[in-house]
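Reading through the C-alpha cells given below for one structure.
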Amino acid sequence: MQLSMTISTTSPFPSLSHTPPPPPPLLLQPLKDQTQNPDRTLRVSHHVGPPQALKGSGFLSAIGRAIEEEEYRKARAEVSRKGFDLEGYSIEGISIGGHETCVIVPELKTAFDIGRCPSRAVQQNFVFITHAHLDHIGGLPMYVATRALYNLKPPTIFVPPCIKEDVEKLFDIHRTMSQAELKFDLVALDIGETYEMRNNLVVRPFKTCHVIPSQGYVIYSVRKKLRKQYMHLKGKQIEKLKKSGVEITDTILSPEVAFTGDTTSDFLLDPRSADALRAKILITEATFLDEGYSIEHAREHGHTHLFEDIRQAVSKLQLKVSAKVVALTEGFKSMHTS
Amino acid sequence: MMIEGYPIEGLSIAGHETCIILPTLNLAFDIGRCPSRAISQQFLFISHGHMDHIVSSSDFPVLLGGLPMYVATRGLYRMAPPTIVVPAAIKENVEKLFEAHRAMDHSELKHNLIGLNVGTSFGLTLNSAAFLGEEFYLRKDLKGYIIYSVRQKLKQEYIGLPGTEIKNLRSTGVEVTNTTTMPEIAFTGDTVSDFIFDDNNVDVLRAKVLIMESTYVSNLETVENARDYGHTHLSEVEYL
C-alpha cells in the first residue's frame, strides 16, 4: 500500500484587501480536442477600438499568431502534463487549500471532487464529491455543461446523501438560467453502501471527519477467484459445475484507490476505514504544514496537520509505515519545496 | 495589454470561460471560471445575450460558472463583499444560486447583487488609485454595458479666471463647471453583429474601448452559422 499525501496548504491570508493575493498556481490547461465541433474551440479575445481600426492586415496576422500560440500551448501542455505514476495508476489534479481540489485517476475515468473543473476533469465519467464545500463542488455545473457541449455521455456523480437535494436544486437553477438540459446521473451513496461502476469495479464510501458532513471513497477492483475445493478440477468439470448452478468462485474485492477529501486525522483510527488504509493508493489531505498553525487550529477547521516540512514528514512517516509514502508536490510552490 | 490608457487582462475561450478584467477600474466583465486576477476586482458585471440567442447550453457556466467561487474566495481573504451587476431578468435566479451554495457550503457568501434593466445606470465608486477623484457610472445597454466617466469641465466663460475667483464663485453657488460624460468602455458579450447598426447604440461605438466578441474566426464557419448561435463572425467585423 502506498500512502500518498495531497498537498493542500492554506494560502496566506493578507491583512488588507487592497493588495491582491498572490495568484495560486492554476491549472488552466487548454482542453484536449475531443470535440465534434473543432471550430468552436478557439475564441480569441481581442480588444479593439472603433471599427475603423480593424482595417489592414495587421489585425488578421495578430489573429493568426494567436491561433498558432494556442496550438503551441496545447502541444506544450501535452508534453508537460505530468501525472504521478503509482502502482500502475497515474494521479493528476490540483489541490489548493480554499481554492480548488480535484484529483483525477484517468485509468478509472474518475475524478475526486471537482473544485473549479480543470479541463482534464471533463473527460472523466465518474465524479465523487466528498463534501459540499465550494472549493470541492464548485465546478460541478461547469463539468456537466462542458460534457454536454462536447456531446459526451451524461456523467455519473456521487454525493453524500445529505446533500443530494441541494445539488439537485443547484442544477435546477442552472437549468432555468441556461435553458439547457444538463443531464447527469446523480447517485446518493451512503457510508458502507456499495455501487457497481463497471463489471469489475465497485465503490464504497467511508466516514471522514470534517466541519461539514463528508465522506471518503474507496474504489475496489472485483475479481472472481476459484474456490479452493475446486482448484484441482479440470476445465470441463468446472464448466459442468458452473452450469449446474454451483457457486464455484469467491468474489474478492481489493481496494485499489481511496480518497479522503478534507478531514482530520481521526479517520485513520476508525476501524471502518480499514479498507481505505489497505488500498493500493490512499490519497489524503495535509492542509496544515508549519508551526504557524497549531494542531488544534487544524482540527477545528476539519483538517490534518503534518506539523512539519512535507519532506521531513514524508521521511518520518516512511519509517513508521510499511507502505510507500509519496508527497504529491508537483507544481506546488511553497517555502517547503524548491 | 494596454489600450487607450486602460490595462486590460483576461481570457475568453468559446464554450469554456470568459472573463475580461480592467484592473485600474477594479472591475471584471463576466467571471468564467474565476481566474485568480478576477478576485481582487470589486465590481463584476455579467453580460447576457438575448433570451432568444442563448442556444448553447453552456452559456451560463461560461459567463458565471465561477460566480460563487468569486464571492467565496473574497470572503476567504476577508475582502469587502463585491458588487455584482446582472441583467434584471436573471437577478432572481442568481440569488437562488447563492442560496443553494450557502446551504451546501455553510458560508455567508456576502455580496451586493444589483439587477439592471436596459437603459438604467448605476454609479460606481471606485477605490482605484488610477482614477482617484473621478466618477464613473455604468449603464446597461441592450447587449452589454457601457462605462461612462463623469468629468467636471470648467465652463467656457470661466476659463482664464484665477483660482481664487473660481473658488469664490463656487461658494456663492454658481455652476462653474459642465458635467460631461464620456463613454469609456463598452462591453458587448456574446452577440450578433446587428448591434452596430442599431441607432440606440451610438454610445457603444463612441466608447474609447469597445470589447466585442468574434467567436467565429475561420472560413470554415459561415456568417449564417455564426448568427444562428448568436455570435459574430470575424469577417463581419472586417467588413465594417
TODO: Could you tell me whether region A:173-193 includes any residue that is more than 14 Å from every other protein chain (Cβ to nearest Cβ), out of contact with any Phe, Trp or Tyr (no Cβ under 7 Å at 6 or more places or on another chain), surrounded by 14 or more Cβ atoms within 10 Å (Cβ to Cβ) and in contact (Cβ under 8 Å) with a residue 40 or more places away in the chain?
DONE: no
Open item on the list: For region A:253-275, which positions are at pLDDT 85 or above and among the aliphatic types (A, V, I, L, M)?
Closed with: A:L253, A:V257, A:A258
- [ ] Could you tell me which residue of region B:1-37 is modelled with the lowest pLDDT, considering only residues that are over 17 Å from B:L138 (Cβ atoms) and polar (S, T, N, Q)?
- [x] B:S12
Open item on the list: Quick check on B:V209: is it modelled with pLDDT under 80, touching a Leu at 6+ places or on another chain (Cβ under 6 Å) and closer than 25 Å to B:P7 by Cα?
Closed with: no
TODO: Answer yes if at least one residue in region A:137-154 is in contact (Cβ under 8 Å) with a residue 24 or more places away in the chain and closer than 27 Å to A:R272 by Cα, and no otherwise.
DONE: yes
- [ ] Give me a count of the residues in region A:111-165 that are under 19 Å from B:R33 (Cα atoms), among the charged types (D, E, K, R) and facing chain B (nearest Cβ under 10 Å).
- [x] 3
Task: Unmet criterion (only one of (1) modelled with pLDDT of 80 or more; (2) touching a His at 6+ places or on another chain (Cβ under 8 Å)) for B:S40 - done: (2)
- [ ] Evaluate region A:222-233: report whether one residue or more is surrounded by 14 or more Cβ atoms within 10 Å (Cβ to Cβ) and under 26 Å from A:V167 (Cα atoms).
- [x] no
TODO: Can you confirm whether region A:162-175 contains a residue that is under 21 Å from A:I252 (Cα atoms), aliphatic (A, V, I, L, M) and not in a strand (DSSP E or B)?
DONE: no
Open item on the list: Looking at region A:211-221 only, could you name the residues that are surrounded by fewer than 22 Cβ atoms within 10 Å (Cβ to Cβ) and within 14 Å of chain B (Cβ to nearest Cβ)?
Closed with: A:V211, A:I212, A:P213
- [ ] Please work out if A:M231 is out of contact with any Lys or Arg (no Cβ under 7 Å at 6 or more places or on another chain), free of Cβ contacts under 8 Å to residues at least 24 places away in the same chain and closer than 20 Å to B:M69 by Cβ.
- [x] no
- [ ] With the condition kept exactly as written, say whether any residue in region B:87-108 is at the interface with chain A (Cβ under 10 Å from one of its Cβ atoms), surrounded by 19 or more Cβ atoms within 10 Å (Cβ to Cβ) and touching a strand residue (DSSP E or B) at 6+ places or on another chain (Cβ under 7 Å).
- [x] yes
TODO: Give the residue, chosen from A:D275, A:D250, that is within 28 Å of A:M197 (Cβ to Cβ), out of contact with any helix residue (DSSP H, G or I) (no Cβ under 6 Å at 6 or more places or on another chain) and without any contact (Cβ under 8 Å) to a residue 40 or more places away in the chain.
DONE: A:D250
Open item on the list: B:G160 - would you say it is at pLDDT 70 or above, in the same structural domain as B:L210 (by the TED database) and in a loop (DSSP other than H, G, I, E, B)?
Closed with: yes
TODO: Return the total of residues in region A:107-140 being in a helix (DSSP H, G or I) and basic (K, R).
DONE: 1
Open item on the list: Filter region A:186-206 down to the residues that are touching a helix residue (DSSP H, G or I) at 6+ places or on another chain (Cβ under 6 Å) and assigned to a strand (DSSP E or B) and list them by number.
Closed with: A:A188, A:F206
TODO: Being touching a strand residue (DSSP E or B) at 6+ places or on another chain (Cβ under 8 Å) and part of a loop (DSSP other than H, G, I, E, B) is the filter; apply it to region A:141-161 and report the residue that is surrounded by the most Cβ atoms within 10 Å (Cβ to Cβ).
DONE: A:P155
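The values are calculated or read from the model by the stated rules, or taken from the named source; none is laboratory data. Given the structure is predicted, the values throughout are model-derived calculations rather than measurements. Because the Cβ atoms are built from the backbone with ideal geometry, glycine has one as well, and the counts that use them run over all protein chains shown.
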